[in-house]
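Right, one structure below, let's go through it.
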Amino acid sequence: MSLSAGPDPTINGLHVVVTAGGTREPIDPVRFIGNRSSGKMGNELAAAAIRQGATVTLVTAAAAPSQQPGLRVVAVETAAEMHAAVRAALADARVLIMAAAVADWRPREVAQNKLKKGADTLTLELVPTVDILRALRAEDAAAGVFVVGFAAETEHVIDNARAKLDAKHLDLVVVNDVSQEGIGMGADDNEVTVIGRDGTLETIARAPKSVVADAIVRIIASRLR
Ligand code: CTP
């Protein structure tokens, strides 16, 4: 596999949708349920796809990267907003890369006013958020789109990632072991294994996320051929 820079003829001119960051599920006007995702991996994937000639819609729940030609940013907060934005962006897309850490739970009720201290305990009732990848399949919104999911795992890393590939009908899954220090969520580096539907397994050694992103996009391009 070549890691050299420069447009990839397969991906050049295609529309790629990338999600980034951790969704925020509101509790009240000032509080939310969130996670440690920084949005760096998604931002680097967007930049890598642009370097390789794609136009990118970045649907992000994190701070947006600076503007650049070929990049359209859609800012979202919740899983439901991300779902709607991705569905809209997929209309003419060829590839979806779901790098976002979508919250799995949201408060059933969002308080209109700021919750006040006072009681000794506070119980929040949580309900599942929409599973965006499953919902897009169910709505047939991803027909003809090459879908790449991410899996953040702490045990049985490869087996769990394979199970997600099947359950979410992914074309590729990019898995990282988030129990390791210094890589993955929030970190500057990553080390991932890319698993294909056909069972192929490619490991990308620990490197800055920009380098890992270039390698992932090149693997995606090779599968589009
Ligand atoms: N994902 C999604 N919608 C959700 C949760 C996750 O589309 N509500 C996507 C993520 O963007 C990622 C993939 O599904 O590409 C796997 O996410 P992950 O959090 O690892 O898996 P979950 O399905 O949430 O399963 P679990 O948390 O039980 O491991």
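Overview of values
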read-out: Matching residues, the range 44-55, being touching a Leu at 6+ places or on another chain (Cβ under 7 Å) and not small (Gly, Ala, Ser); value: 50
read-out: Enumeration of residues in the range 167-190 that are among the β-branched types (Val, Ile, Thr) and more than 12 Å from the ligand (Cβ to nearest atom); value: 183
read-out: Single residue of the range 139-157 satisfying the filter (open to solvent by less than 20 Å² (accessible area, probe 1.4 Å) and assigned to a loop (DSSP other than H, G, I, E, B)) that is farthest from residue 49 (Cα to Cα); value: 142
read-out: Any hit, the range 99-106, residues being within 30 Å of residue 9 (Cβ to Cβ) and within 14 Å of the ligand (Cβ to nearest atom); value: yes
read-out: Residues of the range 122-138 satisfying the condition of being open to solvent by less than 80 Å² (accessible area, probe 1.4 Å), within 14 Å of the ligand (Cβ to nearest atom) and either in a loop (DSSP other than H, G, I, E, B) or within 13 Å of residue 83 (Cα to Cα) (or both); value: 129, 130, 131, 132, 133, 135, 136, 137
read-out: Residue 171 buried (at least 17 other Cβ atoms within 10 Å of the Cβ) and acidic (Asp, Glu); value: yes
read-out: Evaluation of residue 46 against (1) crowded, with 17+ Cβ neighbours inside 10 Å; (2) under 27 Å from residue 127 (Cα atoms); (3) modelled with pLDDT of 95 or more; (4) not β-branched (Val, Ile, Thr) (one fails), failing number; value: (2)
read-out: Within the range 148-166, tally of residues that are more than 9 Å from the ligand (Cβ to nearest atom) and of a type in the set (Phe, Trp, Tyr); value: 0
read-out: Answer from 84, 93 - the residue that is free of Cβ contacts under 8 Å to residues at least 12 places away in the same chain, of a type outside the set (Ser, Thr, Tyr), under 24 Å from residue 62 (Cα atoms) and more than 10 Å from the ligand (Cβ to nearest atom); value: 84
read-out: So residue 119, is it under 19 Å from residue 150 (Cβ atoms) and either over 14 Å from the mean Cα position of the chain (by Cα) or within 15 Å of the ligand (Cβ to nearest atom) (or both); value: no
read-out: Check on residue 63, loosely packed, with under 14 Cβ neighbours inside 10 Å, over 14 Å from residue 25 (Cα atoms) and under 17 Å from the mean Cα position of the chain (by Cα); value: yes
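The values are calculated or read from the model by the stated rules, or taken from the named source; none is laboratory data. If you're wondering where the values come from, they're calculated on a predicted model, not measured in any experiment. Because the Cβ atoms are built from the backbone with ideal geometry, glycine has one as well, and the counts that use them run over all protein chains shown. SASA here: full protein model, heavy atoms, side chains in, ligands and nucleic acids out. Shrake-Rupley method; radii C 1.70, N 1.55, O 1.52, S 1.80 Å.
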